[in-house]
Amino acid sequence: FYPLYAAASGGHREVVAALIAAGANVDKASSDGITPLSSAAAFGHRGGVAALIAARANVDKGDLHEGRTPLFMAARMGHVEVVRLPVRAGADTTLGNENGPPIDQVCKHPSADKANEAAIKAILRSAA
């Protein structure tokens, strides 16, 4: 892992912002093909997601192995506030993987916040 990925994964918004300001590549993927934006989205780190999107991270870049986009990851984990950010930034709500598009994966992860399922589906439907 490298510093921006680690900071984004850990929810360290200030470190993410400092690394971006220092010129870190916002779309550089980890060895398993996951971008800092996808990792921050999966863990529900709204501040890191916002900083990366503001720095023009690719909101539609899927990971190398399964093609999971940041929106897909946030929807799967049930992070309603994080789902809103890539949608507002113009993310393609139809990009998915062999499991289907993000709307088919809402709250499917075992540790997802199921209480957010209806809100996330509404966001994705309104953006389609």
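The values are calculated or read from the model by the stated rules, or taken from the named source; none is laboratory data. In this text the structure is predicted, and so the values were computed from the model without any measurement. Because the Cβ atoms are built from the backbone with ideal geometry, glycine has one as well, and the counts that use them run over all protein chains shown. Surface areas here come from the heavy atoms of the whole protein model, side chains and all, with no ligands, DNA or RNA. Shrake-Rupley method; radii C 1.70, N 1.55, O 1.52, S 1.80 Å.
Odds and ends about this structure:
- Residue list for segment 75-128, restricted to those being among the charged types (D, E, K, R) and touching a Lys or Arg at 6+ places or on another chain (Cβ under 7 Å): Arg76, Glu81, Lys108
- Hits in segment 93-122 (condition: closer than 13 Å to Arg68 by Cβ and assigned to a loop (DSSP other than H, G, I, E, B)): Leu95, Gly96, Glu98, Asn99, Pro101, Lys108, His109
- In summary, Ala22 fulfils each of the numbered conditions (1) modelled with pLDDT of 90 or more; (2) open to solvent by less than 50 Å² (accessible area, probe 1.4 Å); (3) closer than 17 Å to Tyr2 by Cβ with the single exception of condition (2).
- Extreme residue, surrounded by the fewest Cβ atoms within 10 Å (Cβ to Cβ), among residues of segment 57-72 that are within 14 Å of Val87 (Cα to Cα) and of a type in the set (D, E, K, R): Asp60
- Qualifying positions in segment 31-56 - under 21 Å from Asn116 (Cα atoms) and open to solvent by 10 Å² or more (accessible area, probe 1.4 Å): Ala42, Phe43, Gly44, His45, Arg46, Gly47, Ala50
- All of (1) crowded, with 21+ Cβ neighbours inside 10 Å; (2) within 18 Å of Ser30 (Cβ to Cβ) hold for Ala75 with one exception: (2).
- Selection from segment 88-118 of residues that are under 19 Å from His45 (Cβ atoms), open to solvent by 30 Å² or more (accessible area, probe 1.4 Å) and at pLDDT 90 or above: Arg88, Ala89
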